[in-house]
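Contents: one structure, followed by commentary.
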Amino acid sequence: MKKYKVIVWGLGNVGRAAIRMIQDKESLELVGAVDVDPKKVGKDAGEIFDFPKTGITVIDNIDDALKLDADVVLDYTPLVRDEKGGFTPSAEGICKVLKAKKNVITTLPIYYSQVTTPDLYNMINDAAKENGVSYLPTGLLPGAYASYIPTVLAGLMGKVDKIVVQSGEDDQHNFSSWVKVFGYGMDPDKFPQDRLKMGIASYYVSGVYEMGERLGFKFDDMKIEHECFTAPEDLHPIFGTVKKGTISGHRFTMTGMVNGEEKVSLVYVHKICDDVAKTPEIDNKIHIEGIPKTLDISIDGMMPLDESYVTSAAPSVNVIPMVVDGDSGFLQALDLKVVTPLK
C-alpha cells in the first residue's frame, strides 16, 4: 500500500481531528506538524490532544516544515484577511507551500475562486501548475455539505428549479478565537451587524456560486440577509455568561437570483446554547424543487457538540490520494472521483 506523507499546518479543532484520522490510516504518515501556540510547540503532535504519541514534534515555522519530504500540507490555519477584508494573506501562504512543491488541501474558504475572487484563483492556479502540484479547498462548508452533497443529490432530479441548503452550529463549547466575531453577549444595537453580514457572506457564498454554476443557473444578483437573535434568559457557554437580551445567535441567508427568482440559497445559523435557546432553529436540511416536485433530505448528527470538527477534517483527509496523484492546478472536489474513506 502506498503511503502518503502529510504535514498538518494548524493544530486547532480541525487539526486535532485530522491528527487522529492520520494515526488511524495505514495509507497516511504524519511527517510534520506546525502551530504557533507556545503550549503546543516542542511537544508531540498526538500527545497534545491526549492521543497516542506520533513521534512528530510540533514546530512553529512553516518554512522549516516545507524542507521535509512530504506529499501534502493540510492547511488548517485561521483565515487571514487584508485591510479590505480580502483573503490575499491566506492565499499568499498557500502559494508559499505550492512553490515548495507540496500539494495543499485546506478548509479555508478560498473556494470556487474563479467566480468569487478570480485574481486569487489565478495566483494559486499558476503557482500550482508551475510547480507540478495541486490545490484543493474542501471541508464541510464550503465543501462537502455545500456544495458537494447537494449537487450530487440534484443528480436524482429530472429538472432542478430551486435548491435550499440549511445548516448551522452551536458555538457554546467552541473556544476558537474567531467565535468573538459573533458578538455573543453584546448589545445588538451597538454591534456592527452589517460588517458581520458581509464578512460571513464572503466566507460561505462561494458554495452558492458553485451550486448555481453546476446546476446551470446564471445569477444576475446575490441577495444577502442577516437576522440577529437575543438570549431569552441568561445563557452559559464555555466562554462566560451571556445576559438575557444580548446577542445569542445569527441567521445568514445567501441567495443566488435569476430574473427576480430565488434559485440557490444557503441558510446558516451561528448561535449558542441550542439546548436552552431554541430560536433560531438549526436545521441540517437540503430541499430541492423541480421534477419530481420536491426532494427533501435531513442529515442528523453532522456537527455534534463534542466532535463537530470531524466532518470538516474528514473530507480533506480522505481526498489526499486523489490530490497527490491527480492533475496539477486549482482543483474542485466535484471534479474528482467520489471521495470515500481511506484505509
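Hey, with R₀ at 22 Å, roughly what FRET efficiency would Ser176 and Arg81 work out to, going by the Cβ-Cβ distance, to 0.05? Display every interim value, and only then the final one.
Values: r = 16 Å, r/R0 = 0.73.
Calculated value: 0.85.
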task: For the range 121-177, state the semi-axes of the equivalent ellipsoid (square roots of 5 times the eigenvalues of the alpha-carbon gyration tensor), sorted largest first and rounded to whole angstrom.
output: 28, 24, 8
message: Need the C-alpha centroid separation for the range 235-273 versus the range 322-343, integer Å.
response: 32 Å
- prompt: Between Val160, Gly183, Ser134, whose Cα lies farthest towards the positive end of the dipole of the range 101-183 when Lys and Arg beta carbons carry +1 and Asp and Glu beta carbons carry -1, centred on the Cα centre?
  reply: Ser134
field: Average accessible surface area per residue within the chain, 1.4 Å rolling probe, Å²
entry: 46 Å²
message: Full-extension gain between Arg195 and Phe49, please, as 0.36 nm times their residue separation minus the C-alpha to C-alpha distance.
response: 49.1 nm
query: Where in the range 1-31 are there trypsin sites (Lys or Arg not before Pro) that are in a DSSP coil and have at most 16 other Cβ atoms within 10 angstrom of their Cβ?
result: Lys2, Lys3
- prompt: Loop-only check: which trypsin sites (Lys or Arg not before Pro) in the range 197-278 are DSSP coil with at most 10 other Cβ within 10 angstrom?
  reply: Lys218
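Ranking request for peptides 328-339, 156-167: highest mean number of other beta-carbon atoms within 10 Å first, then the rest in descending order. Intermediate values should be presented prior to the final figure.
Values: 328-339: 16.5, 156-167: 18.2.
Per-residue mean Cβ counts within 10 Å order the peptides as 156-167, 328-339.
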message: Just to confirm the filter: which trypsin sites (Lys or Arg not before Pro) across the range 57-126 are DSSP coil and have at most 15 other Cβ within 10 angstrom of their Cβ?
response: Lys67, Arg81, Lys84, Lys101
field: Debye log10 I(q)/I(0) for the range 159-203, one point scatterer per Cα, at q = 0.25 Å⁻¹
entry: -1.09
- prompt: How many percent of the accessible area of the chain is carbon or sulfur, using a 1.4 Å probe?
  reply: 50 percent
statement: The answer for Gly249, listing residues at least 5 apart or on another chain whose modeled amide H is closer than 5 Å to its amide H, is Phe229
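Determine, from the Cβ-Cβ distance of Leu336 and Met186 and an R0 of 41 Å, the FRET efficiency 1/(1 + (r/R0)^6), rounded to the nearest 0.05.
With a Förster radius of 41 Å, E is 0.45.
Could you tell me what a quarter of the Cα convex hull surface of the range 196-343 works out to, in nm² with one decimal place?
On the way: hull surface 48.4 nm².
If I average the Cα hull's projected area over directions, I get 12.1 nm².
With charges set only on the Cβ (+1 for Lys and Arg, -1 for Asp and Glu), what does the dipole of the chain come to about its Cα centre, in debye to the nearest 20? Could you put the intermediate results ahead of the total?
Numbers: 37 positive and 49 negative charges, 104 e Å.
Value, rounded to 20: 500 debye.
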- line: The correct pair for the chain, radius of gyration to one decimal and Dmax as a whole number, both in Å and from Cα atoms, is 20.1, 59
message: Can you give the log10 of the normalised intensity I(q)/I(0) at q = 0.14, 0.16, 0.17 Å⁻¹, computed with Debye over equal Cα scatterers of the range 237-295?
response: -0.57, -0.68, -0.72
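Only four residue types carry charge here, +1 at the Cβ of Lys and Arg and -1 at the Cβ of Asp and Glu. Report the dipole size of the range 149-246 about the Cα centre in Debye, rounded to the nearest 20.
Details: 11 positive and 15 negative charges, 35 e Å.
That gives the range 149-246 a dipole magnitude of about 160 debye.
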- request: Report, largest value first, the span of the C-alpha coordinates of the range 5-123 along each principal axis, in whole Å.
  value: 42, 28, 23
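The values are calculated or read from the model by the stated rules, or taken from the named source; none is laboratory data. Predicted model only: the values in this text are computed from it and were never measured. All Cβ positions, glycine included, derive from the backbone under ideal geometry; neighbour counts span all protein chains shown. Ligands, DNA and RNA are excluded from the accessible area calculation, which covers all protein heavy atoms including side chains. Shrake-Rupley method; radii C 1.70, N 1.55, O 1.52, S 1.80 Å.
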